[in-house]
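Report on one structure; see the data block that follows.
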Amino acid sequence: MSPPSLNGTSVKAKKQELKAYFRQTWAEYESLFSLINNDSAYYLRPERLRHPLIFYYGHTASFYINKLMLGKFISQRLNSKLEAICAVGVDEMSWDDLNSDHYDWPSVEEVRLYRTQVAKLVEQLIDDMALTLPITSDSLAWIILMGCEHERIHLETSSVIMRMLPLHYLSQDNPNTKEHWSTCTESGKAPTNTLVAIEGKQIEFGKPNSDDTFGWDNEYGYDTLAVPNFSASKYLVSNQEYLAFVNAGGYQQSKFWTDEGKQWLAYTQATMPRFWFEKDTEATSDKSEHKKCYWQRNLLNEMPLPLNWPVEVNYLEAKAFCQWKNSLTAPNNEQFFRLPTEAEWLCLRDKVNGDIGTWQTAPGNINGEFYASSCPVDQFEHDGFFDIVGNVWQWTESTIDGFHGFEVHPLYDDFSTPTFDGKHNLIKGGSWISTGNEAQKYSRYAFRRHFFQHAGFRYIQSHNQCLPNLATNHYEQDAAIGQQLHAQYGKAESVLPETAQNYSQQMTEALLDIVTKQGISTGKCLDLGCGVGRTSFILAQYFSHVDGVDFSARYIRHGVSLQQGNSVRYQLENEGDLVDFHEVSLSDVDLPCSENIHFSQGDAGNLKAVLTGYDVILAQHVLEQSYDPRQFLHTISQRLNSKGLLVIVSSYDFDEQVTAKENWLGGIKVNGENMTGFDGLSSLLSADFKLVSQQQLTRAIKINRRNFSLCFPQLSVWQLK
């Protein structure tokens with residue numbers, strides 16, 4: 001069944017379409033779980049990185065209630081205990097607790113009853129809701145579509161877990177669904193794989209506005225990338241083709257594996273793909289020794305290894321195969337085998353006409369239209385290639401990230417962002433069980449590289465190892481850096497007084513006012529302690545050249561990224577474990593991507609000799625962050641031009657963990673008398689500098705939704721004598 005369109009002219013018809021899609025999704029999930037013939041199987045964990053199946057049986061139903069409650073579409077829960085225990089824990093993220101000892105799992109019968117209650121509630125909501133067309137992301141109908149697509153995802157992931165169960169726990173007892181869950185029976189020798197040339201093109205990323213079906217947040221936005229010419233394998237890599245790698249000792253040769261792959265091998269002791277196993281052959285008539293041969297486990301049966309079916313592996317195994325294949329070529333061969341990128345797969349996808357909403361019959365082993373298993377790799381052709389869509393998902397060399405303009409959905413803000421970590425690789429094309437959004441061209445799903453899905457791969461050959469990938473733009477998760485980014489580039493906080501807004505602007509306005517009054521040259525400026533860079537961008541509009549220097553590269557990299565025209569993403573605590581996600585760019589604060597800034601990492605106490613000849617030096621909180629602020633002040637005059645300005649911004653809150661007490665400028669007793677930070681500063685600078693002005697600034701740092709850190713640093717301006 002095709003996903004409902006968002007547009008329409010009849011509300012009544014749209015409600016009927018939505019209800020039919022909900023019912024079909026629900027029935028398909030129930031049909032999958034009806035294959036379990038013993039309730040004890042619900043509590044087994046054949047995959048240690050996943051919960052038992054009882055979790056997933058309840059999870060897709062509790063998802064509806066949790067989202068409906070969050071969106072205030074309902075005001076009462078159906079089963080608060082079950083809705084808590086089945087809420088999260090599906091991708092071994094740091095907050096997922098996979099220890100079954102910590103769970104009091106419900107009975108299967110309790111979950112069955114709960115699912116019946118949820119289905120009744122959702123259908124009633126569809127009947128009663130006020131619906132306007134087109135369906136938008138803030139609509140109740142969107143949340144119901146979200147629930148449908150979420151369940152279709154788990155239709156697939158749950159089938160993978162079932163495939164790992166001992167076979168005797170599964171059976172096809174229902175005559176009405178027996179044909180639906182039938183395994184392909186065709187197998188034989190695989191065709192010889194060959195490379196087919198693909199002409200490069202400009203790829204546009206992002207679900208277009210003309211597509212009026214539901215999409216997950218990571219599909220939206222826009223990016224472009226020029227893809228050079230490449231060649232791709234005509235077929236998916238078959239079991240037969242992969243068998244050569246296994247027989248060559250590929251799993252025993254670490255040179256073919258990445259560091260992550262080596263760790264996985266050491267942990268799992270794998271010697272073959274997850275769904276292969278060895279089995280003794282029957283003794284021959286002459287009573288010769290038994291021989292072992294490979295078999296394959298499918299969802300509902302075992303069979304001698306179907307050589308012409310696609311191999312099913314994780315990313316690490318697919319990557320190792322490509323490295324092995326490269327080892328077979330001549331050393332001076334300029335052609336390089338590797339996995340395709342998302343952009344290269346999209347080049348291939350353009351050879352398949354239409355999408356699931358327009359197909360009369362699926363053009364591949366997808367959408368559950370043909371088999372409940374893979375099938376031969378040469379069965380579905382697309383303009384000279386086979387299985388561009390369907391059969392098995394295809395691993396790529398692209399980690400998932402959001403496109404420019406990406407926005408999280410407020411009711412499911414952790415669908416995509418936890419995977420924007422460089423550790424989740426995209427899979428493309430769908431498998432035999434992929435339906436709904438999963439089967440669409442613009443769908444984007446990613447998994448950890450050691451995870452198993454119904455996934456295989458095809459390889460490509462290119463002239464070099466440079467990957468045509470979009471630049472990654474992950475969310476900054478470090479709390480301190482996120483706070484700085486928000487303070488410098490975030491929107492004004494309405495709860496703060498005007499005097500506490502935009503600390504960077506306060507500093508630079510004060511500095512520029514003195515520069516103008518003193519008639520100081522605006523040639524070169526050194527911005528020490530520049531952090532994530534806003535002061536540098538402001539100053540670059542007035543100075544010919546600005547050097548932005550900070551001790552931490554973790555901060556500077558964001559300034560560099562912004563200077564390159566990119567947006568920067570960060571998360572900020574909302575409350576407790578809840579976080580808000582933000583994206584900023586220089587255009588948001590009306591600043592240009594100035595080319596006259598050079599960002600670099602540097603120690604204020606030991607700056608490079610090249611950093612000299614400045615008309616103005618701004619030192620932002622350098623004193624309290626330096627292990628030897630006295631040394632810095634003794635030598636900084638050497639880096640200024642005649643009559644140059646030194647602008648010191650400091651709160652003088654020295655910490656012994658950073659600065660030894662003997663190097664503190666103030667906050668101490670000297671000869672029995674109080675010595676403040678400014679007293680110590682004045683004492684050290686007075687020989688070479690004249691104090692021009694001083695003033696108090698207000699610095700506000702947002703900690704979370706209800707808490708701000710407020711301090712009042714001093715800005716003092718000193719002119720070289």
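Could you derive backbone 3J(HN,Hα) for segment 196-208 from the dihedral phi with the Karplus parameters 6.51, -1.76 and 1.60 (θ = phi - 60°), listing whole Hz in sequence and x where the residue is Gly or Pro?
Per residue, the Karplus-derived 3J(HN,Hα) values read 10, 6, 10, 7, x, 7, 7, 9, 9, 9, x, 5, x Hz.
Report the residues of segment 412-449 in range of a label on ASP383: point 7 Å along Cα→C-beta, backbone N strictly under 19 Å from it.
428-430, 440-443
Describe numerically, in nm with one decimal, the distance between label points set 7 Å from Cα along Cα→Cβ at LYS178 and at GLU493.
Taking the two extended label points, one gets 6.7 nm.
Under Stokes-Einstein, with the Kirkwood radius over Cα pairs standing in for Rh, what whole-number D in µm²/s applies to segment 394-467 at 10 °C and 1.306 mPa s?
115 µm²/s
State to the nearest 20 debye the size of the charge dipole of segment 202-269 about its Cα centre, where the only charges are +1 on K and R beta carbons and -1 on D and E beta carbons.
540 debye
Could you do me a favour and compute the accessible area per residue for segment 425-581, 1.4 Å probe, result in Å²?
Counting only protein heavy atoms, the per-residue value for segment 425-581 is 37 Å².
From the backbone phi of segment 646-653, what are the Karplus-calculated ³J(HN,Hα) couplings (6.51 cos²θ - 1.76 cosθ + 1.60, θ = phi - 60°) in whole Hz, Gly and Pro given as x?
10, 10, 9, 10, 7, 9, 6, 8
Quick one: which residues, 5 or more positions from ILE366 or on another chain, have an amide H under 5 Å from its amide H? H modelled 1.01 Å from N in the peptide plane, none for Pro or chain starts.
Here ASN391 satisfy the definition.
How many percent of Cα pairs in segment 451-532 exceed 22 Å?
The calculated P(r) of segment 451-532 puts 60 percent of pairs beyond 22 Å.
Is there a quick way to get the dipole size of segment 400-523? I mean about its Cα centre, with the Cβ of Lys and Arg at +1 and of Asp and Glu at -1; what is the value in debye to the nearest 20?
Dipole about the Cα centre, nearest 20: 780 debye.
Which aspartates and glutamates, on any chain, are close to LYS319 with Cα under 19 Å apart, when same-chain ones fewer than 8 places away are left out?
Here the aspartates and glutamates satisfying the reach criterion relative to LYS319 are GLU241, ASP259, GLU260, GLU334, GLU342, GLU344, GLU397.
Testing the spin-label approximation: label points 7 Å from Cα along Cα→Cβ at THR116 and GLN695. State their distance in nm.
Taking the two extended label points, one gets 7.3 nm.
What ³J(HN,Hα) values, in whole Hz, does the Karplus curve 6.51 cos²θ - 1.76 cosθ + 1.60 give for segment 2-15 when θ = phi - 60°, with x put for Gly and Pro?
Residue by residue, segment 2-15 yields 6, x, x, 7, 7, 8, x, 10, 10, 5, 4, 5, 5, 5 Hz.
If I model segment 383-521 as equal point scatterers sitting on the Cα atoms and use the Debye formula, what is log10 I(q)/I(0) at q = 0.17 Å⁻¹?
For segment 383-521 at q = 0.17 Å⁻¹, log10 I(q)/I(0) is -1.06.
Mind listing which GluC sites (Glu not before Pro) in segment 149-211 are in a DSSP loop and have 12 or fewer other Cβ atoms within 10 Å?
Here the GluC sites (Glu not before Pro) that fit, given the DSSP loop and packing criteria, are GLU179, GLU186, GLU199.
Hey, can you grab everything whose amide H is under 5 Å from the amide H of HIS424? Only 5+ residues off in sequence or another chain; H modelled, so Pro and N-termini drop out.
ILE400
Compare the Cα positions of PHE275, VAL246, ALA27 along the charge dipole of the chain (+1 at Cβ of Lys, Arg; -1 at Cβ of Asp, Glu; about the Cα centre) and return the one farthest towards the positive end.
VAL246
Go through the cysteines of the chain and tell me which have no other cysteine Cβ under 4.7 Å away.
Cysteines of the chain left without a disulfide-compatible partner: CYS86, CYS148, CYS293, CYS322, CYS347, CYS466, CYS525, CYS530, CYS593, CYS711.
Let me check against my output: what whole-number percent is the relative contact order of the chain, with C-alpha pairs under 8 Å and at least 6 apart?
So the answer I get is 10 percent.
For a Förster distance of 45 Å, can you work out the FRET efficiency between the beta-carbons of ARG48 and LEU467, rounded to the nearest 0.05?
It comes to 0.90.
Would you work out the charge dipole size for segment 577-721 about its Cα centre, treating the Cβ of every Lys and Arg as +1 and the Cβ of every Asp and Glu as -1, and quote it to the nearest 20 debye?
Dipole about the Cα centre, nearest 20: 460 debye.
Taking H as built 1.01 Å from N, whose amide H comes closer than 5 Å to the amide H of PHE689, not counting residues under 5 places away?
Amide H neighbours of PHE689, under 5 Å, 5+ apart: LYS721.
If r is the Cβ-Cβ distance from ASN38 to SER254 and R0 is 51 Å, what FRET efficiency results, to the nearest 0.05?
Once rounded, the FRET efficiency stands at 0.80.
So what's Rg/Rh here for the chain, counting alpha carbon atoms and using the Kirkwood radius for Rh?
1.05
Step through the table entries LYS643/LYS690; LYS207/LYS234; LYS524/LYS690, compare each Cα-Cα distance with 18 Å, and write down the pairs that go over it.
The pairs that break the limit, which is 18 Å between Cα atoms, are LYS207/LYS234; LYS524/LYS690.
Under a plain spin-label model, where a point goes 7 Å from the Cα along Cα-to-Cβ, how far apart in nm are ASN301 and PHE415?
Output for this residue pair reads 3.7 nm.
With r defined as the distance between the Cβ atoms of LEU328 and THR224 and R0 fixed at 41 Å, what FRET efficiency is calculated, to the nearest 0.05?
0.70
Using the structure shown, list the pairs from LYS15/LYS81; LYS351/LYS441; LYS19/LYS441 with a Cα-Cα distance above 19 Å, or answer none.
LYS15/LYS81; LYS19/LYS441
Place a point 7 Å from the Cα of SER75 along the Cα-to-Cβ direction; which residues of segment 138-164 have their backbone N under 19 Å from it?
Only 140 fall inside the zone, counting backbone N under 19 Å.
The values are calculated or read from the model by the stated rules, or taken from the named source; none is laboratory data. Since this is a predicted model, take the numbers as computed values, not measurements. Every residue, glycine among them, receives a Cβ derived from its backbone with ideal geometry; neighbour counts consider all protein chains shown. When the accessible area is computed, the model is the full protein with side chains, heavy atoms only, and any ligands, DNA or RNA have been set aside. Shrake-Rupley method; radii C 1.70, N 1.55, O 1.52, S 1.80 Å.
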